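Student: Submitted below is the structure of interest, expressed as structure tokens.
The values are calculated or read from the model by the stated rules, or taken from the named source; none is laboratory data. Here the structure is a predicted model, which means the values were calculated and not measured. Heads up, the Cβs are rebuilt from the backbone with ideal geometry, glycines too, and the neighbour counts pull from every protein chain shown. Ligands, DNA and RNA are excluded from the accessible area calculation, which covers all protein heavy atoms including side chains. Shrake-Rupley method; radii C 1.70, N 1.55, O 1.52, S 1.80 Å.
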Amino acid sequence: MILVLLGPPGAGKGTQAKRLEQRYGLAQLSTGDMLRAAVASGSPLGQQAKEVMDAGRLMPDDIMIDIISERLDRPDPVNGYILDGFPRTRAQAEALDSLLSRKGLKLDRVIELKVDEQALIERITGRFSCKKCGAGYHEQFQPPKVSGVCDVCGGTEFTRRADDTEETVRARLEAYRGQTAPILPYYRERGALSEVDGMADIDDVAAQIEQVLNK
Ligand code: AMP
């Protein structure tokens, strides 16, 4: 099964992708996580990515298409993939179609997490994650059960994404509106798109996605 999760920054793509990984034995392919790993490694790609991500812009299509193509070539003992953060432009969506067909794979469903833009700034600027295991939290909506201690692994160090500042979030939303939202009709026209209410709570959104996938 190959799924694409679409939606603006803060819509909950990463959170839902993690749920789907466990529920269906899929692997989350987050291009944002791949770029953050490149930034942490200090590679030339990482240096370019840092500049682009800090400004809230998008990386060039050819680079992102190569990254995904190479990742899909790796053998994986999984039932399929959840693409989280890719495609983000029409050129990436078209490239995904051709690279999947070249690899003998098929895109099963594109799920759009629909959210109210006003709520996103608050969601994003309050989020943080455990440094050790990556579990995600939110200051207001999902704090750890014991303050300062990760529920999952007991870690006590947390981190915030460098691009989760209000200014950068506004630029990222602009990029979503201008470059990513226009690919929704591309999928809708061929009947591949399902919309889910991303404003509901995490379990409810997961249940809606499950319903779509079980249809
Ligand atoms: P994300 O973690 O998905 O919010 O991605 C963080 C940042 O990485 C984005 O704001 C972009 O700068 C960059 N990025 C991630 N995926 C892509 C992509 N498919 N195309 C272009 N830029 C991307």
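Student: Counting only residues that are farther than 13 Å from N79 by Cβ and of a type outside the set (V, I, T), how many does region 7-29 have?
Tutor: 13
Student: Search region 168-215 for residues being among the hydroxyl-bearing types (S, T, Y) and in a helix (DSSP H, G or I), and hand back the single one that is farthest from the chain's Cα centre (by Cα). Break it down into steps so the answer makes sense when it comes.
Tutor: Narrowing region 168-215 to residues among the hydroxyl-bearing types (S, T, Y): 168, 176, 180, 186-187, 194.
Narrowing further to those that are in a helix (DSSP H, G or I): 168, 176, 180, 186-187.
On the way: T168: 17, Y176: 12, T180: 13, Y186: 19, Y187: 17 Å.
Of everything passing the filter in region 168-215, Y186 is farthest from the chain's Cα centre (by Cα).
Residue by residue, here is whether (1) within 15 Å of the chain's Cα centre (by Cα); (2) surrounded by 13 or more Cβ atoms within 10 Å (Cβ to Cβ) holds:
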site: L96; (1), (2): no, yes
site: A119; (1), (2): no, yes
site: T125; (1), (2): no, yes
site: G134; (1), (2): yes, yes
site: Y137; (1), (2): no, yes
site: Q140; (1), (2): no, no
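Student: Hey, does region 5-20 have a residue that's hydroxyl-bearing (S, T, Y), open to solvent by 40 Å² or more (accessible area, probe 1.4 Å) and modelled with pLDDT of 95 or more?
Tutor: There is no residue in region 5-20 that is hydroxyl-bearing (S, T, Y), open to solvent by 40 Å² or more (accessible area, probe 1.4 Å) and modelled with pLDDT of 95 or more.
Student: Can I ask one more? Report yes if some residue within region 68-85 is open to solvent by 70 Å² or more (accessible area, probe 1.4 Å) and part of a strand (DSSP E or B); otherwise report no.
Tutor: no
Student: Only one residue in S30, S69, S98 is touching a residue at least 12 places away in the same chain (Cβ under 8 Å), small (G, A, S), on the phi < 0 side of the Ramachandran plot and more than 10 Å from the ligand (Cβ to nearest atom), so which one is that? Can you show your working first?
Tutor: Working: S30 fails: more than 10 Å from the ligand (Cβ to nearest atom); S98 fails: touching a residue at least 12 places away in the same chain (Cβ under 8 Å).
Just a single option satisfies the conditions, and that option is S69.
Student: Name the residues in region 144-181 that are away from the ligand (no atom under 16 Å from the Cβ), farther than 22 Å from A17 by Cβ and not hydroxyl-bearing (S, T, Y), would you?
Tutor: Narrowing region 144-181 to residues away from the ligand (no atom under 16 Å from the Cβ): 144-158.
Narrowing further to those that are farther than 22 Å from A17 by Cβ: 145-149, 154, 156-157.
Scanning region 144-181 gives K145, V146, G148, V149, G154, E157.
Student: Considering only region 34-66, how many residues are assigned to a loop (DSSP other than H, G, I, E, B), open to solvent by 30 Å² or more (accessible area, probe 1.4 Å) and within 9 Å of the ligand (Cβ to nearest atom)?
Tutor: 4
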